[in-house]
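Chemist: The structure's right below; bear with me while I get my questions together.
The numbers here are math on the coordinates, done by the rules we state, and not lab data. This is a predicted model, so every value here is computed, not measured. Positions of Cβ are backbone-derived with ideal geometry, glycine not excepted, and every protein chain shown enters the neighbour counts.
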Amino acid sequence: MTGRLVIVGAGQAGFALAAKLRALKDERPITIIGLENVIPYQRPPLSKKYLLGEMDFERLTFRPQNWYPENNVELLLSTYVEEIDRKAKRVRTQDGALLDYDTLALTTGSTPRTLPASVGGDLDGVYTVRDKRDADLLAGEMRPGRRLLIIGGGYIGLEAAAVARHLGLEVTLIEMADRILQRVAAKETADVMRVIHQAHGAVIRENTGLHRLVGENGKVRAAELSDGSTIEVDFVIVGIGVTPNDQLAQDCGLDVGNGIIVDEFARTSDPSIFAMGDCAMLPWKGRRIRLESVQNAVDQAEAAAAVMAGANTPYDAKPWFWSDQYDVKLQIAGFNMGYDETLVRPGSREGSLSVWYFREGRFIAVDAINDAKAYVTGKKLLEAGIEPAKTILADPAADLKQMLA
Ligand SMILES: Cc1cc2nc3c(=O)[nH]c(=O)nc-3n(C[C@H](O)[C@H](O)[C@H](O)COP(=O)(O)OP(=O)(O)OC[C@H]3O[C@@H](n4cnc5c(N)ncnc54)[C@H](O)[C@@H]3O)c2cc1C
């Protein structure tokens, strides 16, 4: 499989694919097409250190600008692919340019869900956080004493809350479900994170949805909440999940369903088109999942690069994730979907703790809060397929490492 590779999407997976091919000494021509006007960069700091003002853009980028020409990787920025002609093996960009491909990779990522205009989602001062531009606009709003409403108690919302409190804003976070982190973590993890946010002065209102945002001269001014109360706000961050960017794939007839459907080699229903990262729906332990993480974007892209370069190794996702909030590092190994039992283990130092997830008696994931040892052990156990001894987990004095012996 040689000839021109066109990569649509200049993000985490798109860059990792090109870089891995070059690391494998694959010299095919590569063109990366990206909608944004900046060279590829990592997103996680956008809701953490970059938003705090503690990291500049140069440190976000994967490689400096000159890496691309030096590695014969053509980078077309501020360019949007509008159409894929599979018969002609050609993509069309928004300005009508046509680019031929032999192999096409879709690494288009995902888009944050927004609020409809009917509830004030179109007012000025209402933000989502996905790219550098969003973070730059938000950074301009983050001034001490201002009132921020965050809608959604997932990782992005909680990380933004932590940054805003650090910068001295008044923060209210509302979550429609009965607790924060409902979709992604156990109650025990949510309970710890709630207490940490409250201790830092964030107001967390669970079981509370948005009725509507109220504007004045087109700018958000207040929020009417589902419990009948109204709060004054200066700006709003909406963190209510993402949807995969799979429209382009759907329009050209590829199999799509909550993401672009790929096999274990990251191939779509068209053998010359691959998809990876947030936009891909992949097979995993007998089911189909979509993973929204750096680990998956990089590992799946690198696995696809190896396949393109001639290997026949299937991608076996080993999910891991992290979130930084205040001085808390939450690290997650595994995928807790379908868990029916949890075990909480206090860590060796104050404020550290781990939550171990089981499904039908089998260990599937661990959340480690300021507990690197629990994270590393859990990750190794999952990778090796070893079941942890619950007696050791339940004994805070026992050394976790003995389970790996
Ligand atoms: C604020 C924030 C914090 C995060 N924190 C973490 C974290 O702590 N840990 C973690 O593991 N993950 C985190 N993530 C998730 C992680 O960044 C994503 O899972 C990862 O970036 C996915 O990589 P990707 O290449 O699939 O998509 P992206 O990196 O989003 O790249 C997709 C690119 O494709 C472009 N594009 C889309 N359609 C087209 C088109 N038709 N033509 C041209 N270009 C197009 C987009 O503009 C975008 O630049 C975070 C994400 C965000 C937004």
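Chemist: Rounded to the nearest 500, what is the 222 nm mean residue ellipticity of the chain from helices alone, with -39500 (n - 2.57) per DSSP H run of 4+ residues and division by all residues?
Modeler: For the chain, the value works out to -6500 deg cm²/dmol.
Chemist: Suppose every Lys and Arg Cβ carries +1 and every Asp and Glu Cβ carries -1, with no other charges. What dipole size does the chain come out with about its Cα centre, to the nearest 20 debye?
Modeler: Roughly 560 debye for the chain.
Chemist: Under 14 Å from the Cβ of Arg143, count the other residues' Cβ atoms, weight Lys and Arg +1, Asp and Glu -1, and hand me the total.
Modeler: Overall, the nearby charge balance is 0.
Chemist: Once each part is reduced to its C-alpha centroid, what is the distance from segment 212-230 to segment 342-405 in angstrom?
Modeler: Here the answer is 44 Å between Cα centres.
Chemist: Right, something else. Note the direction-averaged projected area, equal to a quarter of the hull surface, for the Cα convex hull of segment 72-230, in nm².
Modeler: Projected area, direction-averaged: 13.6 nm².
Chemist: Could you work out how far apart the two model spin labels at Thr391 and Asp100 are, taking each label as a point 7 Å from the Cα in the direction of the beta carbon, and quote it in nm?
Modeler: A separation of 6.9 nm, rounded to one decimal place.
Chemist: Modelled label-to-label distance, Arg288 and Arg143, 7 Å Cα→beta-carbon offset: nm?
Modeler: 4.9
Chemist: Can you tell me the order of 21-29, 372-380, 154-162 when each peptide is scored by its average per-residue count of other Cβ atoms within 10 angstrom, highest first?
Modeler: Highest mean packing first, the order is 154-162, 372-380, 21-29.
Chemist: For the ranges 124-133, 41-50, what's the packing order if you count other beta-carbon atoms within 10 Å of each residue, average per peptide, and put the highest first?
Modeler: Top of the packing list down: 41-50, 124-133.
Chemist: Give me log10 I(q)/I(0) at q = 0.06, 0.07, 0.10 Å⁻¹ for the chain, Debye formula, one equal scatterer per alpha-carbon, no solvent.
Modeler: For the chain at q = 0.06, 0.07, 0.10 Å⁻¹, log10 I(q)/I(0) is -0.26, -0.36, -0.74.
Chemist: Under 5 Å between amide hydrogens, which residues at least 5 positions from Ser226 or on another chain qualify, with H placed 1.01 Å from N in the peptide plane?
Modeler: Residues meeting the criterion, in which the H sits 1.01 Å from N, are Gly209, Leu210, His211.
Chemist: Once you've got the GNM for the chain with C-alpha springs shorter than 10 Å, pick whichever of Gly239, Gly277, Gly145 has the biggest mean-square fluctuation.
Modeler: Comparing Gly239, Gly277, Gly145 in a Gaussian network model of the chain, the most mobile one is Gly145.
Chemist: Between Glu58 and Glu264, what FRET efficiency follows from the Cβ-Cβ distance if R0 is 41 Å, with the result rounded to 0.05?
Modeler: 0.65
Chemist: From the mean inverse distance of alpha carbon pairs (Kirkwood) and the Cα radius of gyration, derive Rg over Rh for segment 300-354.
Modeler: 1.17
Chemist: What are the ³J(HN,Hα) couplings of segment 361-370, residue after residue, when phi is run through the Karplus curve with 6.51, -1.76, 1.60 and θ = phi - 60°? Round to Hz, x for glycine and proline.
Modeler: Using θ = phi - 60°, the values come out as x, 9, 5, 10, 6, 9, 9, 10, 9, 6 Hz.
Chemist: While we're here: Starting from the eigenvalues of the Cα gyration tensor, five times each then square-rooted, give me the equivalent ellipsoid semi-axes of segment 327-404, largest first, whole Å.
Modeler: 18, 14, 12
Chemist: Follow-up question, since we're still on this one. Whole-Hz Karplus ³J(HN,Hα) for segment 313-323, in order, using 6.51 cos²θ - 1.76 cosθ + 1.60 and θ = phi - 60°, x for Gly and Pro?
Modeler: Going residue by residue, I get 9, x, 7, 10, 5, 10, x, 8, 7, 9, 8 Hz, with x marking Gly and Pro.
Chemist: Over the chain, what is the relative contact order in percent, taking alpha-carbon pairs closer than 8 angstrom and at least six residues apart?
Modeler: Relative contact order here is 14 percent.
Chemist: Once phi is turned into θ = phi - 60°, what whole-Hz ³J(HN,Hα) does the Karplus curve with 6.51, -1.76 and 1.60 give for every residue of segment 180-191, x standing for Gly and Pro?
Modeler: 5, 6, 3, 7, 10, 8, 6, 4, 4, 5, 4, 4
Chemist: Right, another one. Excluding Glu27 itself, what net charge comes from residues whose Cβ is under 14 Å from its Cβ, given Lys and Arg +1 and Asp and Glu -1?
Modeler: Summing Lys/Arg as +1 and Asp/Glu as -1 gives +1.
Chemist: So for each of 5-11, 99-105 I average, over its residues, the number of other beta carbons within 10 Å; can you give me the resulting order with the highest mean first?
Modeler: In descending order of packing, they fall as 5-11, 99-105.
Chemist: Based on the Kirkwood radius over alpha-carbon pairs, what is the Stokes-Einstein translational diffusion coefficient of segment 199-301 at 25 °C with 0.890 mPa s viscosity, in µm²/s?
Modeler: Stokes-Einstein gives a translational diffusion coefficient of 145 µm²/s.
Chemist: Once the piece of chain linking Arg362 and Glu70 is laid out straight, how much longer is it, given 0.36 nm per residue of separation minus the C-alpha distance between them?
Modeler: 100.3 nm
Chemist: How many nm separate the modelled label positions at Glu383 and Val38, each set 7 Å beyond the Cα in the direction of the Cβ?
Modeler: For the pair Glu383/Val38, the computed spacing is 3.2 nm.
Chemist: What residues of segment 314-328 lie in the reach of a label at Leu24, counting those whose backbone N is under 12 Å from a point 7 Å from the Cα along Cα→Cβ?
Modeler: 314-315
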